[in-house]
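> Provided herewith is a single structure, encoded as structure tokens, for subsequent inquiry.
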Amino acid sequence: MADVTLNGTPTTPRARSAWQRLKVNRNWLGLWFMLPAMAFLVLFLAYPLGLGVWISFTDARIGRGGAFVGLENYEWLWDDSVFWLSVFNTLLYTTVASAIKFAVGLYLALLLNENLPFKAILRAVVLIPFIVPTVLSAIAFWWLFDSQFSILSWSLRKLGLISTNIDFLGDVWNARWSVIFANIWRGVPFVAVTLLAGLQTVSPSLYEAATIDGANRWQIFRYITYPLLTPIIAVVMTFSVLFTFTDFQLIWVLTRGGPVNATQLMATLSYQRAILGGHLGEGAAISTAMIPFLLAAILISWFGLQRRKWQHGENND
Amino acid sequence: MASVAIRDVRKAFGATPVIHGVDVGIGDGEFVVLVGPSGCGKSTLLRMIAGLENITSGEIRIGDRIVNDLPPKERDVAMVFQNYALYPHMTVAANMAFSMKLRGAARSDIDTRVKRAADILGLGPYLDRYPRQLSGGQRQRVAMGRAIVRDPQVFLFDEPLSNLDAKLRVQMRSEIKELHQRLKTTTVYVTHDQIEAMTMADKIVVMHDGRVEQIGAPLELYDKPRNLFVAGFIGSPAMNFLPGKLRRNGALTFEGANGIRLPLDAVPLGSDGRAAVYGVRPEHFTLADDGAEAEIQLVEPTGAEIQVLAKLGGADIIAVFRERHLFKPGDKIRLRPDPKLAHLFDAGTGERLNI
Ligand SMILES: Nc1ncnc2c1ncn2[C@@H]1O[C@H](COP(=O)(O)OP(=O)(O)OP(=O)(O)O)[C@@H](O)[C@H]1O
Ligand SMILES: [Mg+2]
């Protein structure tokens with residue numbers, strides 16, 4: 001029975017207090033160990049999330065608590081064209097940037113996995129965009145995209161390709177592509193380095209076996225490398241999509257959502273309405289509206305991520 | 001099927017030479033074992049035949065084609081790796097079918113070949129499993145199945161049994177041998193285990209430090225090792241070596257340390273007093289009154305035989321007897337090597353002196 005103490009002397013159950021049992025019982029012990037993590041999660045994740053969702057059902061403003069107004073904030077948003085524009089912008093931003101980050105990241109990872117000269121240095125260089133603080137790199141991009149002093153415009157002018165400066169951040173579509181470009185620049189290292197780590201777990205003898213089996217380089221990638229990499233691709237792309245979807249800093253420094261809301265993302269719009277505009281309830285509603293999208297992204301990757309058949313099963317090692 | 005010819009092949013990794021001119025001829029349908037201590041270049045040589053490693057100089061032919069510059073897929077060889085290198089994301093059937101799928105073979109054709117290979121290897125029940133759901137021996141068989149399905153000109157094995165336990169190793173050893181007798185495909189097999197080499201090979205190539213020491217049939221190497229290295233490498237327990245001198249005054253004998261005298265049959269080479277090494281296998285000692293005196297250190301009965309570790313003329317030797325002598329450590333016995341089966345090597349070069 002479980003009432004045998006560690007030193008082996010059996011004691012009668014009644015002789016021990018409930019407190020003592022709590023200290024010894026395995027299941028309770030498990031709970032004790034989980035408690036700090038649970039407290040942490042509840043305090044810093046569940047509580048703010050719950051509060052945010054609650055506020056979205058109130059008419060709270062900065063400086064005064066709100067009354068419950070039901071779905072009013074959401075009804076208001078439903079008829080708000082700026083909100084729908086921000087949804088469109090966010091989806092465009094996330095889809096295009098994530099897709100390109102994946103393609104470029106995978107390409108870089110494959111390249112860095114080859115035997116290149118100065119491999120170590122190249123790998124370090126790839127990480128630079130990731131190491132630089134976002135705000136700093138955003139400011140750098142701000143200069144690159146400046147309507148008067150842009151080095152890009154200047155170079156193109158010197159080359160004689162354009163006659164007047166490009167208005168990177170002032171034109172609707174230019175601004176969208178510019179911020180997407182900046183996001184890609186910043187996000188590629190994460191994808192590339194993670195995939196590189198995945199590539200390095202593939203045993204070289206598999207490539208040799210495939211070579212002898214008659215596979216060319218493309219077939220090796222198609223039938224060996226890519227399938228073996230899918231689990232890590234699923235993880236890295238989930239994170240990439242989540243980060244991109246909730247991006248705030250880059251946009252805020254570069255455009256503040258402008259021009260005329262062309263680069264307004266849901267995150268920036270929420271901040272603008274809630275903090276700058278003081279309409280906490282409405283801002284919270286916009287944030288809450290992001291949740292279904294994020295859940296969808298997680299669910300998709302959950303099913304993609306579900307460990308493939310070849311990975312689980314009886315372990316016979 | 002095809003013969004393989006290796007002519008003066010050299011290999012250097014950067015500035016480090018690893019293979020220093022190797023010549024080996026492998027007949028059509030032959031089972032050749034490359035054997036040697038770790039790091040002697042066996043795998044490198046095998047990988048050069050496969051085309052996974054390019055050769056620095058020399059020539060490799062498979063059949064009547066020089067394959068020096070041919071990529072692996074055009075050499076028509078199949079290789080079984082030490083770690084099996086099974087594709088973890090493919091089932092057993094898909095693993096075996098992969099090469100044919102790449103070649104664009106017809107579905108039905110692939111199925112019959114996979115089925116046939118699975119039957120030969122007893123893999124039928126496992127075709128839909130993934131590699132990680134198999135035992136070590138089954139994985140090993142899948143690796144062979146992948147090679148068989150190809151029906152290649154040459155099979156290459158790189159220490160395929162070294163990840164298996166002792167019992168399974170013996171079993172797979174005979175399975176591979178049987179497979180070869182059935183398919184008669186030219187086979188090059190790498191191992192560092194001389195027992196594997198002796199039991200499986202039609203022909204053994206003994207390598208050492210990137211050079212071939214001797215090529216020959218297993219018993220040829222056992223009976224007439226060409227030098228000290230081969231003599232010490234082939235056979236278990238290893239041959240005993242006693243340093244000393246050749247004596248030609250009167251009867252031809254060998255004089256070891258402490259003045260012990262060992263009998264010799266005709267040795268054409270070497271004058272009186274030549275420094276030499278006397279080699280005798282543990283199983284070639286007999287007890288005889290005119291033998292050299294030896295003091296027993298340790299007795300190890302194995303059941304079928306007893307192994308005796310003894311001091312003979314200051315050197316440690318091992319003798320093996322099939323009879324159940326009741327020896328004790330400290331006993332003095334008189335050992336006489338069979339002169340017909342004794343080996344004599346030059347002390348300097350290590351080359352064999354007797355015929
Ligand atoms: N890629 C490489 N670069 C440099 N040196 C290498 C390389 N591969 C092998 N070598 C060297 O070549 C020599 C022969 O190696 P090889 O793998 O052929 O040995 P082996 O006989 O197969 O040994 P083992 O029985 O341990 O497998 C070794 O000294 C090894 O250090
Ligand atoms: Mg090796």
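> Residue by residue through the range B:130-183, note down the ones that are within 16 Å of ligand 1 (Cβ to nearest atom), more than 13 Å from chain A (Cβ to nearest Cβ) and not in a loop (DSSP other than H, G, I, E, B).
Matches in the range B:130-183: B:169 only.
> Among the residues of the range B:37-55, are any more than 16 Å from ligand 2 (Cβ to nearest atom), modelled with pLDDT under 95 and on the phi < 0 side of the Ramachandran plot?
Yes.
> Please work out if residue A:100 is farther than 23 Å from residue A:241 by Cα, at pLDDT 85 or above and assigned to a helix (DSSP H, G or I).
No.
> Step by step: first the residues of the range B:7-43, then only those that are within 22 Å of residue B:216 (Cβ to Cβ) and among the β-branched types (Val, Ile, Thr), then the one that is surrounded by the fewest Cβ atoms within 10 Å (Cβ to Cβ). Which residue is that?
Looking at the filtered set, the residue picked out is B:24.
> So is residue B:19 within 14 Å of chain A (Cβ to nearest Cβ) and either within 16 Å of ligand 2 (Cβ to nearest atom) or touching a residue at least 40 places away in the same chain (Cβ under 8 Å) (or both) or not?
Considered against the rule, which asks whether it is within 14 Å of chain A (Cβ to nearest Cβ) and either within 16 Å of ligand 2 (Cβ to nearest atom) or touching a residue at least 40 places away in the same chain (Cβ under 8 Å) (or both), residue B:19 comes out as no.
> Scan the range A:164-178 and tell me whether some residue there is acidic (Asp, Glu), assigned to a loop (DSSP other than H, G, I, E, B), modelled with pLDDT under 90 and in the same structural domain as residue A:295 (by TED's automatic domain parsing).
yes
> Here is a further query. So which of B:206, B:190 is over 30 Å from residue B:97 (Cβ atoms) and among the hydrophobic types (A, V, I, L, M, F, W, C)?
Residue meeting the stated conditions: B:206.
> Here's a follow-up. If a residue must be within 16 Å of ligand 1 (Cβ to nearest atom) and in a loop (DSSP other than H, G, I, E, B), how many such residues does the range B:44-94 contain?
Looking only at that region, the number is 11.
> Quickly run through the range B:90-107 and pick out the residues that are crowded, with 16+ Cβ neighbours inside 10 Å, facing another protein chain (nearest Cβ under 8 Å) and more than 14 Å from residue B:134 (Cβ to Cβ).
Result: B:98, B:99, B:102.
> Based on what the data block shows, is residue A:210 more than 19 Å from the chain's Cα centre (by Cα) and small (Gly, Ala, Ser)?
Yes, satisfied.
> Still on this structure, please answer the following. Residue under question is residue A:106, and the condition is that it be among the aliphatic types (A, V, I, L, M) and over 26 Å from residue A:262 (Cα atoms); does it hold?
yes
> Among the residues of the range A:242-264, are any touching a residue at least 24 places away in the same chain (Cβ under 8 Å), of a type in the set (D, E, K, R) and assigned to a helix (DSSP H, G or I)?
No, that holds for no residue.
> Now for a separate question. Could you run through the range B:61-77 and say how many residues are out of contact with any Ser or Thr (no Cβ under 6 Å at 6 or more places or on another chain) and either within 13 Å of another protein chain (Cβ to nearest Cβ) or β-branched (Val, Ile, Thr) (or both)?
10
> What do you reckon, is residue B:188 in contact with a Phe, Trp or Tyr (Cβ under 8 Å, 6 or more places away or on another chain), outside any helix (DSSP H, G or I), of a type in the set (Val, Ile, Thr) and within 16 Å of ligand 1 (Cβ to nearest atom)?
When the stated conditions are applied, residue B:188 passes them.
> Considering only residues that are touching a strand residue (DSSP E or B) at 6+ places or on another chain (Cβ under 7 Å) and among the charged types (D, E, K, R), look in the range B:54-67 and name the one that is surrounded by the fewest Cβ atoms within 10 Å (Cβ to Cβ).
My answer is B:59.
> Go through the range B:245-259 and give me each residue that's part of a loop (DSSP other than H, G, I, E, B) and more than 22 Å from residue B:350 (Cβ to Cβ).
Answer for the range B:245-259, where residues must be part of a loop (DSSP other than H, G, I, E, B) and more than 22 Å from residue B:350 (Cβ to Cβ): B:249, B:250, B:251.
Here is a yes/no grid of residues against (1) touching a Ser or Thr at 6+ places or on another chain (Cβ under 6 Å); (2) away from chain B (no Cβ under 14 Å):
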position: A:227; (1), (2): no, no
position: A:239; (1), (2): no, yes
position: A:266; (1), (2): yes, yes
position: A:274; (1), (2): no, yes
position: A:277; (1), (2): no, yes
position: A:284; (1), (2): yes, yes
position: A:289; (1), (2): no, yes
position: A:292; (1), (2): no, yes
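The values are calculated or read from the model by the stated rules, or taken from the named source; none is laboratory data. In this text the structure is predicted, and so the values were computed from the model without any measurement. Quick reminder, even Gly has a Cβ in these numbers, built from the backbone with ideal geometry, and neighbours come from all protein chains shown.
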